[in-house]
Ligand SMILES: Nc1nc2c(ncn2[C@@H]2O[C@H](COP(=O)(O)OP(=O)(O)OP(=O)(O)O)[C@@H](O)[C@H]2O)c(=O)[nH]1
Ligand SMILES: [Mg+2]
């Protein structure tokens, strides 16, 4: 298993538990799939409970091993979420730029994380499905003209949206970038607009999180904990960790991760 | 924020309900009644009996039940043999020639199967049973049910399979899907119900699945043991199910084994009508359904076609309309998509009802309490039967549920390759929900050694994923014995499930659920409480703990006076400004619930009496009713909803509980200034005085009374004096007759805040009321734990909880009071002013 592999390179690799939260069908699983296997499946099954995936990431001379928990989005699964975000060192809260309500839901997730989760958790806000609001000409990463396959899955991705607006994709947008950005700044979150479909912005989320994570501290607590990721340690020593974080951060921020 | 007290209304099933559940009967209540189903009180009875059919089977002793419109039997061990058949399928009942002391009946089904039951109870009991049976059969005949049977069974594939002239196999592919004659386009007319598999093929390799031989075995069995409505379940039936149902028969067997066939039989046309009635309707549930339609077993060909998607849409929509409280929960799409491969929409609809209602109770409810409960039960079973694994999980802080929750929630369909998951589903419908636990335990046991190596949740999930991917491989690849090599990992799994974990019985599951229910309810409720407090827009000057206490009072009030169900407002109302639907609209309470709420918090909003009757001393609390309380309700309803949310209550209380003297006077003034013009009218001054009297109603002595009456005199004096007096005509009377003040029209501004303040401050009693007493009359206290639906321990606890509905408690109290009176020990008194000892 992959576990043992990373275990042998123990001194250089660090495990980071990351959880994805957000309203149903905003594209959490798709974001993870893009990050982990650089794929996109137009019809992903809804996540039941949660899915678990891992991906390694290089940051300077360190290997970061993300353990990703992709949770179910429907409101009634909410009470299960703490099971998955406990001990998480990072969270990606996803909303759908074509659905205003999903930002509201994202905000309430952020609030919950900030109050209930690991006090030093690094949170990123991701406005997904930007491909839907970019006219194909200006779309940076998906330069190809819309294929028929894409059209079909656009329709399924945002049911109820009038496809008539296809000529002016920007009109599909319900969450202005500035609004989300302002909120993220105010709440102290990393912010990205992404598309799991085109791949835009996906890797950046994980890279930026990696830079912000207090790696030294995790390493310290992991070693002291017989290879266990952050479990007890990070919470108990929360205050000390903050101090470490402030010093370590700039140094770590140089390199992008190499996924 | 929505607050639900639904969990408080849970009741453990009665013995009678357990019997119904055991025999897969439709519940007597809750399920939609079709127009022609009899609802009159029918007499039920059970009797000792010995069952035999033909020569093929042994006789089995057991119990025969008449539960109109069904006749049911189970062998003494409750598992070898059983049947549930609608009475309308019985065509003749004969008393067999009485040998000495033998009392036997021969029941002839519509298709000529003879069921012999020997009634082994005493003669009068047997006679009574026979007469009940006769009456019940007559009722069925009169209801016309008998005539419906023949038409109904035409929808069942089994009938085609066993008919002598059958050429059922002729137009089928090997996997059981239909061969369509492309050239003539003459798709053979299909009268029986079937699923998408007929058109889009069934999953799996038919050769490997040995479809042909399975069909043969079943054909033989069904010929001699009845089928669909009349299936008799002998040990061989279970064995055949365990090796996997054949594709073509699977859907029908699922509905037969689960009992959903009885619902379909009893409610002809209901499904279509339901869809018709709600045509074009959109709700939160239907929105959620739309999101998931293309995300349900997308790899199956049927769901890459509009046929499949539309069928799935209709079934899920119909279910959400029938059960709006549950609506739609993700994972139901997976179940529905799975069963639709094998059955028609109507069949799937009723099977979904049985799944969500009886087989997986509370799994998909908004709180998902059933899911959480069964996860807890599963964990405790692991602890009991696989203690080493459990301890290891504890030691490395791995949560079982991260893997097992989806197993249960999607009947393993989401976790394993479909062909294997469907085999588990076969067993699940045949042997009941305990199968989920047995399989789960077997998975852990088989992987025990590796599980002891894992260090975290992730390792656990990876291990499980690898295991599920290997189900089709040989369990003993390196064995020298070719037979051992041929055993697959999956076969081994079933073997371990049903051999080693046959100790897991329905009774164990039920009693474990009972054991953990209150724990789960508590944790769901405290989670909801935390969420509600967190989601408040503003706490005002309260801290979180205080807001929690307000929540508790609200919650208690809602339990006792449930607010009217948040009737789904018309779709347009549900749509908020930005065009989205709220999952659940914000919970708001009406005036009646509010009165109860306030009585928990404000001393003057309740009338307490301490009652002693020689048996018990208790505090009887009545909720006060007064115009003032209603006034407060509307005062706090700043959004004009006619109802108050949690936030309204918090903000409302915040507006009074932290006030100083001047704030309080102003608050009180505003409360009575209905049109908010800064003046009280004369009527309002009167009302306000009445409020004083109401609040002071338990104060002893006449200091308060005196203060209030002086307040009134002064208020009117100042008020009159300050009245504008431009009109001569009016002032005439008033000047001459100081005793009768000038007629003031009811809505004329009369007393302003400054004057009011002055008048109040002139009275010491009132001053101190506004200085401290008013704010202090609101108290946030920890409420005693409310009784949960079931008591956990103690004989007294049990007794109390068995009478513990509110009305029963009242009756009990009245009863003891009466006795108390007769023995001269009854007395009731007011509690010491404003201090309420926490008596029970
Ligand atoms: N156009 C477009 N569609 C997307 C994008 N990301 C996801 N989708 C589509 O949106 C739908 C939902 O995606 P999922 O990844 O399953 O969403 P989720 O948030 O994991 O949903 P739950 O598991 O139900 O909470 C799928 O049909 C995806 O194909 C994107 O970036 N662009
Ligand atoms: Mg998902």
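The values are calculated or read from the model by the stated rules, or taken from the named source; none is laboratory data. All of these numbers come straight from a predicted model, not from anything done at the bench. For neighbour counting, all protein chains shown are included, and Cβ atoms are generated from backbone atoms with ideal geometry for every residue, glycine included.
Which of the residues that make up the stretch A:20-36 are in a helix (DSSP H, G or I) and either more than 19 Å from residue B:459 (Cα to Cα) or within 11 Å of ligand 1 (Cβ to nearest atom) (or both)? Steps first, answer last, please.
From the stretch A:20-36, those in a helix (DSSP H, G or I) are A:28-36; that's our starting set.
Passing the criteria: A:28, A:29, A:30, A:31, A:32, A:33, A:34, A:35.
Identify the residue in the stretch B:448-476 that is free of Cβ contacts under 8 Å to residues at least 40 places away in the same chain and part of a loop (DSSP other than H, G, I, E, B) and, among all such residues, is farthest from the other protein chains (Cβ to nearest Cβ).
B:476
Which of (1) on the phi > 0 side of the Ramachandran plot; (2) surrounded by fewer than 23 Cβ atoms within 10 Å (Cβ to Cβ) does residue A:62 not meet, given it meets every other one?
The number of the failed condition is (1).
With the structure loaded, tell me whether residue A:61 is away from ligand 1 (no atom under 11 Å from the Cβ) and within 23 Å of residue A:204 (Cβ to Cβ) or whether it fails that test.
Criteria met by residue A:61.
Quick one: count up the residues across the stretch A:82-100 that are within 11 Å of chain B (Cβ to nearest Cβ) and within 13 Å of ligand 2 (Cβ to nearest atom).
2
Of (1) under 20 Å from residue A:202 (Cβ atoms); (2) within 13 Å of ligand 1 (Cβ to nearest atom), residue A:56 satisfies all except one. Which?
Exception for residue A:56: condition (2).
Just give me the residues in the stretch B:461-483 being touching a helix residue (DSSP H, G or I) at 6+ places or on another chain (Cβ under 6 Å) and either at pLDDT 95 or above or under 17 Å from residue B:409 (Cα atoms) (or both), in sequence order.
Of everything in the stretch B:461-483, those that are touching a helix residue (DSSP H, G or I) at 6+ places or on another chain (Cβ under 6 Å) and either at pLDDT 95 or above or under 17 Å from residue B:409 (Cα atoms) (or both) turn out to be B:461, B:463, B:464, B:470, B:471.
Pick from the stretch B:401-426 the residues that are in contact with a helix residue (DSSP H, G or I) (Cβ under 7 Å, 6 or more places away or on another chain), assigned to a helix (DSSP H, G or I) and within 11 Å of chain A (Cβ to nearest Cβ): which of them is surrounded by the most Cβ atoms within 10 Å (Cβ to Cβ)?
B:409
Results for (1) within 16 Å of ligand 1 (Cβ to nearest atom); (2) closer than 19 Å to residue B:459 by Cα; (3) in contact with a strand residue (DSSP E or B) (Cβ under 6 Å, 6 or more places away or on another chain), shown as yes or no for each residue.
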residue: A:70; (1), (2), (3): yes, yes, yes
residue: A:80; (1), (2), (3): yes, no, no
residue: A:104; (1), (2), (3): yes, no, no
residue: A:107; (1), (2), (3): no, no, no
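From the list A:68, A:63, pick out the single residue that is in a strand (DSSP E or B), touching a helix residue (DSSP H, G or I) at 6+ places or on another chain (Cβ under 8 Å) and within 14 Å of ligand 2 (Cβ to nearest atom). So that I can check it myself, show each step before the final result.
Numbers: A:63 fails: within 14 Å of ligand 2 (Cβ to nearest atom).
Result: A:68 is the single residue among A:68, A:63 that is in a strand (DSSP E or B), touching a helix residue (DSSP H, G or I) at 6+ places or on another chain (Cβ under 8 Å) and within 14 Å of ligand 2 (Cβ to nearest atom).
So, residue B:444, is that one closer than 26 Å to residue A:87 by Cα, within 12 Å of chain A (Cβ to nearest Cβ) and buried (at least 20 other Cβ atoms within 10 Å of the Cβ) or not?
The answer is no for residue B:444.
Exactly one of (1) within 11 Å of ligand 1 (Cβ to nearest atom); (2) farther than 22 Å from residue B:402 by Cα is unmet by residue A:115. Its number?
That leaves (1) as the condition not met.
Filter the stretch B:291-315 for residues that are within 16 Å of ligand 2 (Cβ to nearest atom) and assigned to a helix (DSSP H, G or I); which is nearest to residue B:345 (Cα to Cα)?
B:293
Can you report the number of residues in the stretch B:243-290 which are touching a strand residue (DSSP E or B) at 6+ places or on another chain (Cβ under 9 Å), within 14 Å of chain A (Cβ to nearest Cβ) and not in a helix (DSSP H, G or I)?
Counting residues in the stretch B:243-290 that are touching a strand residue (DSSP E or B) at 6+ places or on another chain (Cβ under 9 Å), within 14 Å of chain A (Cβ to nearest Cβ) and not in a helix (DSSP H, G or I) gives 2.
Which of the following residues is part of a helix (DSSP H, G or I), loosely packed, with under 14 Cβ neighbours inside 10 Å and more than 14 Å from every other protein chain (Cβ to nearest Cβ): B:541, B:513, B:485, B:499?
Checking each option against the conditions leaves just B:499.
Any residue in the stretch B:380-393 that is within 16 Å of ligand 1 (Cβ to nearest atom) and either more than 19 Å from the chain's Cα centre (by Cα) or part of a helix (DSSP H, G or I) (or both)?
no
In the stretch A:19-60, what residues are more than 19 Å from residue A:96 (Cα to Cα), within 15 Å of ligand 2 (Cβ to nearest atom) and within 11 Å of chain B (Cβ to nearest Cβ)?
A:48, A:49, A:50, A:51, A:52, A:53 - these are the residues of the stretch A:19-60 that are more than 19 Å from residue A:96 (Cα to Cα), within 15 Å of ligand 2 (Cβ to nearest atom) and within 11 Å of chain B (Cβ to nearest Cβ).
Hey, could you check the stretch B:383-400 for residues that are within 14 Å of chain A (Cβ to nearest Cβ) and surrounded by fewer than 22 Cβ atoms within 10 Å (Cβ to Cβ) and say which is nearest to residue B:508 (Cα to Cα)?
B:400
Only residues that are at pLDDT 85 or above and surrounded by 16 or more Cβ atoms within 10 Å (Cβ to Cβ): list them for the stretch B:610-630, please.
B:623, B:624, B:626, B:628, B:629
Do we find that residue B:720 is modelled with pLDDT under 90 and at negative phi in this structure?
The answer is yes for residue B:720.
For (1) surrounded by fewer than 20 Cβ atoms within 10 Å (Cβ to Cβ); (2) at pLDDT below 80, each residue gets a yes or a no:
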| site | (1), (2) |
| --- | --- |
| B:25 | no, no |
| B:30 | yes, yes |
| B:33 | yes, yes |
| B:49 | no, no |
| B:54 | yes, yes |
| B:61 | yes, no |
| B:70 | no, no |
| B:91 | yes, no |
